[in-house]
1. Quick one: which of 62-68, 16-22 comes out on top by average Cβ neighbours within 10 Å, and what's the full order, highest first?
2. Tell me, what HN-Hα J-couplings in whole Hz come from the Karplus equation 6.51 cos²θ - 1.76 cosθ + 1.60 at θ = phi - 60° for each residue of segment 102-108, using x for Gly and Pro?
3. What shape does segment 27-88 have by the C-alpha gyration tensor, where a ≥ b ≥ c are the square roots of the eigenvalues, rounded means a/c under 1.5, and otherwise prolate means a/b greater than b/c and oblate the rest?
4. Measure off 7 Å from each Cα along the Cα-to-Cβ vector at residue 96 and residue 39, then give the distance between these two points in nanometres to one decimal.
5. Treating only the Cα positions of the chain as identical point scatterers, give the base-10 log of I(q)/I(0) from the Debye formula at each q in 0.13 Å⁻¹.
6. Pull up the cross-link candidates among the lysines for residue 90, meaning alpha carbon to alpha carbon under 26 Å and not fewer than 8 places away within one chain.
7. From the square roots a ≥ b ≥ c of the eigenvalues of the alpha-carbon gyration tensor of segment 71-110, which class results: rounded (a/c under 1.5), prolate (a/b over b/c), or oblate?
8. Starting at the first residue of segment 57-65, write each ³J(HN,Hα) from the Karplus equation 6.51 cos²θ - 1.76 cosθ + 1.60 with θ = phi - 60°, in whole Hz, x for Gly and Pro.
Amino acid sequence: MSRDAGQLVCVGRVSEWKSPESRKVVVGDRAVVVVRIEDDFYALGDVCSHANFSLSEGDIYVDDLEIECWKHGSTFSLLTGKPQCLPATKSVAVYDVTVDDGRVWIEVRS
Ligand code: FES
């Protein structure tokens, strides 16, 4: 089974990122939060599924691989996009991230 390739978008050089760090990037009409923890990168939809607040402004929980919505405290898995506590109940999108030749790329599908 094949899948359609998405649009690859470079979000910077690895050397430009701290760890841990989160950044909001905008690709077309989508906002994505990209998170670096050590040598790993993760990308989720940036808008909290509970209300219109940016996850990129929340705390990163390195040991749990989660990011917290600063508004009401739901945390989201960086692996699955699923909320780990209330009040959010819906997942946010997860994007594939690759590192190639020192650059970080996210894959955005239409
Ligand atoms: S807006 Fe994110 S938990 Fe409420």
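Each reported figure results from applying straightforward, stated rules to the coordinates on display, with no laboratory input. The structure presented is a predicted model; accordingly, all values stated were derived computationally and were not measured. Neighbour counts are summed over all protein chains in view; Cβ atoms, including those assigned to glycine, are modelled from backbone coordinates with ideal geometry.
1. 62-68, 16-22
2. Once rounded to whole Hz, the list reads x, 10, 9, 10, 10, 10, 10.
3. oblate
4. 2.1 nm
5. Taken in order of the listed q values, log10 I(q)/I(0) reads -0.44.
6. Cross-link targets: 24, 71, 82.
7. Verdict is prolate for segment 71-110.
8. For segment 57-65, the Karplus-derived couplings read 8, x, 6, 9, 9, 4, 5, 9, 6 Hz, x marking Gly and Pro.
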